[in-house]
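Heads up, the thing below is written out as structure tokens.
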There are 2 protein chains.
Amino acid sequence: MMNSESDDRNLPQKISEDIISFILDNHLKPGDRLPNEAILAGQLDIGRSSLREAMKLLASRNIVTIRQGSGTYVASSPGLIDDPFGFTFISDKKKLVQDLLEIRFLLEPAIAAMSATYSDSGDINRICSLCDEVEELLKTKKDHTQKDIEFHTAIAMGSKNLVIPRLIPIINSSIPLFVKTTGNVLKTETIETHREIACAIAEHNAVKAQDAMYTHLMYNRRCINKTYE
Amino acid sequence: MMNSESDDRNLPQKISEDIISFILDNHLKPGDRLPNEAILAGQLDIGRSSLREAMKLLASRNIVTIRQGSGTYVASSPGLIDDPFGFTFISDKKKLVQDLLEIRFLLEPAIAAMSATYSDSGDINRICSLCDEVEELLKTKKDHTQKDIEFHTAIAMGSKNLVIPRLIPIINSSIPLFVKTTGNVLKTETIETHREIACAIAEHNAVKAQDAMYTHLMYNRRCINKTYE
């Protein structure tokens, strides 16, 4: 009953794959404009309405961005969609929080060490100022979720590993769940460990950065485990 | 110039989000059938052609599967698409191989340890028979890429961590690149270390499983680094 999915491999799907090949073969970069509809339809030897439908599919996969009246562009992070892991569809949120934390333990201390080793002055400025912003929000009891995500993202970007930015959704999707669970309990600990991480990266001290991130995650795990006892 | 992406947040996009909410609110599971078009359009208070367009978007994101003449179903792994990380669009394949390996070093030894701890007899049977199949293919000089992917996937599934199956594309997309790079050079080492991993998991020995996976990745790293010297 649930076998063949070949019905889905319809024409727009096939054309959208041809467009992906076109983007790759022509080395188009994020933000580059694709040829206009008439030209591209001609090159791919297809009708304009089929092309339009295929472009909508690619837009929904964040491969292209369609700007009405302007044209179609390669998306800024092509192929990277919201919730690429489909976490929305995991119903056991309690286990999800714990399992996400388990993965963050595997990744983030090492990412912090890489960031301390490879981040440049631009990364460091960004990490330190986000650290300040999160601290300010925590002290004034405002929602720090978004800035907290940006802080961890900036650290990940400093690693210079091509795959790590693609793993950021794991961190991003877990932070709101963590903040919700740990509330303001970890205010002092968050401020202190964030500061330690940022300073260690700024000093290019990989050992300290790794330890500080580990300590940060430990506080979170203790707090989350207590909540679920 | 590259700012507002609001053009994309058009009606089909909005409706597709309503359908996602419908799936979640009604606790529909993978393979479950959605209500027919007329009923669903009525419930969401929208036109049938808008609904149809939104469903196509969801199909392209692998959230639903449309079967002509049968109906629309929740996809088997909803939200998990081919190449969710957009690796297709990373052009520096040499750095990609090395960076993927770096991430596999962070994840896979720990995953092997979790698998040794939590895998059930079904997982273990699957891991051991895939180990046999890969060995047979290697010995007869046939392409083992697909079975190698299945072997590492079976280990990941044995971990029982909800997030790990979602990370499998990292492993899967790196194996063909590795096989291509390491060729048949690592035949004996692959057979031996795969066997060690499988036996350690079967014995529920987390320490041995972690070590064996580490050794396996080490052979790959050495070989890859030599290739790129």
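Each value in this text was obtained by applying a stated rule to the coordinates, not by laboratory testing. Not measured: the values here are computed from a predicted model. So basically every Cβ, Gly included, is an ideal-geometry build from the backbone, and we count neighbours across all protein chains shown.
General remarks:
- The long axis of helix B:93-118 is offset from the longest Cα principal axis of chain B by roughly 90 degrees.
- In plain terms, if you count all Cα to Cα distances in the range A:8-74 and split them into 10 Å steps from zero, the share in each step is 21, 63, 16, 0 percent.
- Taking every residue in B:105-113 and counting other chain Cβ atoms within 10 Å of its Cβ, the average works out to 3.
- Cα-based Rg and Dmax for the protein assembly as shown, where Dmax is the largest Cα-Cα distance (Å): 23.4, 67
- Sorting B:TYR228, B:TYR214 from the fewest to the most surrounding beta carbons within 10 angstrom yields B:TYR228, B:TYR214.
- Counted residue by residue at 0.36 nm each, then reduced by the alpha carbon distance between them, the extension gain from B:LEU24 to B:LYS160 reaches 46.7 nm.
- Helical mean residue ellipticity (222 nm; -39500 (n - 2.57) per DSSP H run of 4+; nearest 500) of the protein assembly as shown: -22000 deg cm²/dmol
- In the range B:87-227, a dipole from Cβ-located charges (positive for Lys and Arg, negative for Asp and Glu) runs towards its positive end, and of B:ILE164, B:LEU101, B:THR215 it is B:LEU101 whose Cα lies farthest in that direction.
- Other residues within the sphere of radius under 15 Å centred on the Cβ of B:LYS141, judged by their own Cβ, net out at -1 (K and R +1, D and E -1).
- Spin-label pair A:HIS204/A:ASP143, simplified geometry with 7 Å Cα→Cβ offset, distance in nm: 4.0 nm
- C-alpha long axis of helix B:145-158 to longest principal axis of chain B, angle in °: 80 degrees
- Arranged from fewest to most other beta-carbon atoms within 10 Å of their beta carbon, B:ILE191, B:ILE39 become B:ILE39, B:ILE191.
- Between the range B:93-139 and the range B:39-58, the C-alpha centres lie 42 angstrom from each other.
- Relative intensity, log₁₀ I(q)/I(0), of the range B:87-227 from a Debye sum that treats every alpha carbon as a point, q = 0.11, 0.13, 0.15, 0.18 Å⁻¹: -0.36, -0.50, -0.68, -0.99
- Tilt relative to chain A, helix A:187-202 - C-alpha long axis, 0 to 90 degrees, to 10: 70 degrees
- Across peptide A:152-164, the mean count of Cβ atoms from other chains lying within 10 Å of each residue's own Cβ comes to 3.
- Largest mean-square fluctuation among A:ALA209, A:ALA41, A:ALA110, in a Gaussian network model of chain A whose springs join Cα atoms under 10 Å apart, belongs to A:ALA41.
- Taking the fewest neighbouring Cβ atoms within 10 Å as the starting point, the ordered list for B:TYR73, B:TYR219 is B:TYR219, B:TYR73.
- Gaussian network model of chain B, Cα within-10 Å springs - most flexible of B:PRO109, B:PRO35, B:PRO176: B:PRO35
- Within the listed set A:LYS14, A:LYS93, A:LYS187, the Gaussian network model of chain A (springs between alpha-carbon atoms below 10 Å) gives the highest mean-square fluctuation for A:LYS14.
- Judged by the gyration tensor of its Cα atoms, with axes a ≥ b ≥ c, the range B:169-229 is prolate; a/c meets the 1.5 cut and a/b is the larger of a/b and b/c.
- Sorting A:43-49, B:102-108 by their mean Cβ neighbour count within 10 Å, with the most densely packed peptide first, gives B:102-108, A:43-49.
- 18 Å reach of a label modelled at B:LYS93, 7 Å along Cα-to-Cβ, counting backbone N of the range A:152-177: A:162-163
- Proportion of all alpha-carbon pairs of the range B:127-176 beyond 14 Å (%): 50 percent
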